[in-house]
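K.L.:
Just dropping this structure here.
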Amino acid sequence: MQSRTLLLALVFSLSAPVYPAAATRIYSTETVNTITTGDISISLKEYELDDTGQRVPYVDGKLVVPGQQVDKIVTITNEAQDAWIRARVEYNTDDGLEGMSDDMLAGISRDWTKCGGYFYYTKPVSGAETVEFFRQVVVPREWDQSSAEKGFSIGVTAQAVQAANFTPDFSSREPWFGIPIETCIHDSHAIYQAESTAEFSVIFENGSEGFIRTGDNFFGNFPSMVPGDTLTDTLVVGNHFASGLEFYFYTDIPRQEEDSRQLLDQLQLTVQSGDTRIYEGPLGAETLRDGIRLGEPFGKGEVRTLTYSIHMPAALTNNSALRSARVRWIFQTRYQPPSGSSSGGSPSPERTKMVPGPVQELVTLPGYISVPLSGASDIARRMGEWMLPGTGDRSHGRILLLVFLVSAGAAGFLVLGKRKQKGSHKGSVSGKIQCSREKEKPYGNF
């Protein structure tokens with residue numbers, strides 16, 4: 001009985017006028033952007049000439065004699081993105097033959113140079129381009145009758161490394177700087193190439209229209225990325241409605257393969273408005289999912305150009321090749337019409353969406369913080385359970401709710417919980433996208 005009397009006194013002492021609630025409307029637009037990585041892949045083939053001089057696949061097991069020139073055309077084809085190519089030749093015999101060397105190779109063009117243990121092609125090779133390594137094998141004249149019935153083989157290994165963001169030093173014994181070479185891990189190589197230069201914009205028009213967006217994929221102008229790439233584009237953000245609107249930018253990661261999600265953590269995003277850097281960090285970071293403000297509030301009629309860049313670290317390797325990752329970009333603003341105004345309308349369902357969750361009406365007390373009614377009810381209920389004795393009388397909770405709402409309006413403060421930001425993890429490995437192909441076949445016997 002004593003606690004109920006105290007509660008009624010509290011209601012009386014904190015009584016204050018409650019102003020009519022105004023609706024704060026949340027407008028947003030979103031687009032799912034897809035980014036892809038490229039690949040490096042080569043194939044190694046060998047041909048000979050038939051009686052008409054046409055190339056046909058080479059047939060092993062030939063019998064040769066000293067001094068003979070054997071047609072043996074070795075070609076290397078780039079199956080994916082632009083690459084540098086090199087080849088290593090190994091001479092083998094199980095029968096003790098001596099005198100095998102690079103002098104046995106004929107028809108090597110001047111575009112090849114020997115550095116250390118490799119022949120390097122000194123020009124970058126474009127996708128689908130084929131280059132010749134050598135055209136003939138010359139059997140040493142020094143081999144005599146003592147070499148009869150003996151066999152030998154020549155093994156050729158071709159390797160490639162991306163041409164983008166990599167420049168060999170052909171004056172060195174290690175033109176490729178000793179980088180590790182990995183075996184290509186893909187059989188097909190569908191490399192995406194951007195075919196357009198679309199312009200992108202996000203404009204807030206009026207209360208009934210909401211956001212008007214041009215462009216469906218803000219990464220659509222980007223080709224497939226390779227390690228070391230930094231791709232840059234622009235986005236126009238504007239406000240054609242009311243002064244003082246704050247725009248926010250969020251990301252959301254759609255459901256996709258784990259390696260695609262890992263790629264988003266490895267790619268680095270930078271967003272800049274003029275000289276002001278708005279964000280710099282992983283594309284898949286939790287910070288972006290919590291939202292960042294696009295600078296100062298926008299005035300009516302103000303338009304800004306945002307520059308965004310995506311960087312693929314040079315340390316990534318073949319494990320990052322031929323991946324496709326998706327991220328949803330969301331732009332949002334909140335608008336509260338003046339008291340008694342009917343302007344603003346409702347968000348257009350075709351072009352706007354609440355972020356996060358469904359559209360809610362917020363209780364607004366002039367000069368004080370806006371709190372969703374559902375949240376206030378829950379807080380009040382919990383306070384009632386904590387403050388009041390366990391009498392079993394549920395009216396205590398209802399009375400306390402009234403006290404809580406009125407107290408918020410009179411006192412002008414209410415502490416809400418702030419969501420804790422989670423850290424993001426960024427992986428790192430070493431190397432570049434490379435490819436290796438080997439071919440070793442015996443030439444035949446004496």
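The values are calculated or read from the model by the stated rules, or taken from the named source; none is laboratory data. Computed from a predicted structure; not experimentally measured. Glycine gets a Cβ as well: all are built from the backbone with ideal geometry, and neighbour counts include every protein chain shown. Accessible surface is based on the protein model in full, side chains and every heavy atom, while ligands, DNA and RNA are left aside. Shrake-Rupley method; radii C 1.70, N 1.55, O 1.52, S 1.80 Å.
K.L.:
Go through THR37, THR197 and list them by solvent-accessible area, largest first, probe radius 1.4 Å.
P.N.:
Details: THR37 5, THR197 125 Å².
Largest accessible area first, the residues go THR197, THR37.
K.L.:
Could I ask something else about it? Measuring from a point 7 Å past the Cα of GLU142 along Cα-to-C-beta, which residues in the range 72-114 have an amide N at less than 16 Å?
P.N.:
91-93, 96-105
K.L.:
Which order do HIS311, HIS240 take by accessible area at a 1.4 Å probe, largest first? Show your work: numbers first, answer last.
P.N.:
Numbers: HIS311 65, HIS240 85 Å².
Sorted by accessible area, descending: HIS240, HIS311.
K.L.:
Counting only protein heavy atoms, what percent of the accessible surface of the range 85-191 is carbon or sulfur at a 1.4 Å probe?
P.N.:
Details: 2410 of 5600 Å².
About 43 percent, which is the carbon plus sulfur part of the accessible surface.
K.L.:
Would you mind getting me the FRET efficiency between SER126 and ARG173? Use the beta-carbon distance for r and R0 = 25 Å, nearest 0.05.
P.N.:
Values: r = 27 Å, r/R0 = 1.08.
Given R0 = 25 Å and the Cβ-Cβ separation, E is 0.40.
K.L.:
Compute the distance in nm between two label points, each set 7 Å from the Cα along the Cα-to-Cβ direction, one at ARG255 and one at ILE278.
P.N.:
Calculated label separation equals 3.0 nm.
K.L.:
To continue, here is another question. On a full-extension model of 0.36 nm per residue, what is the gain between ASN165 and SER153, subtracting their alpha-carbon distance, rounded to one decimal in nm?
P.N.:
Numbers: separation 12, 0.36 × 12 = 4.32 nm, distance 3.68 nm.
Between ASN165 and SER153, full extension yields an extra 0.6 nm.
K.L.:
Take a quick pass over the range 43-150 and tell me how many lysine pairs come in under 25 angstrom between Cα atoms, counting only ones 8 or more apart or on separate chains.
P.N.:
10
K.L.:
Points 7 angstrom from Cα along the Cβ direction at ASP51 and ALA23: gap in nanometres?
P.N.:
Reported label-point gap for ASP51 and ALA23 is 9.0 nm.
K.L.:
So what is the accessible area of the range 74-115 per residue, in Å², with the probe set to 1.4 Å?
P.N.:
Values: 2010 Å² over 42 residues.
Solvent-accessible surface per residue comes out at 48 Å².
K.L.:
Roughly what would the spin-label model give for SER109 and ASP95, points 7 Å off Cα along C-beta, in nm?
P.N.:
Distance between the two pseudo-spin positions: 3.5 nm.
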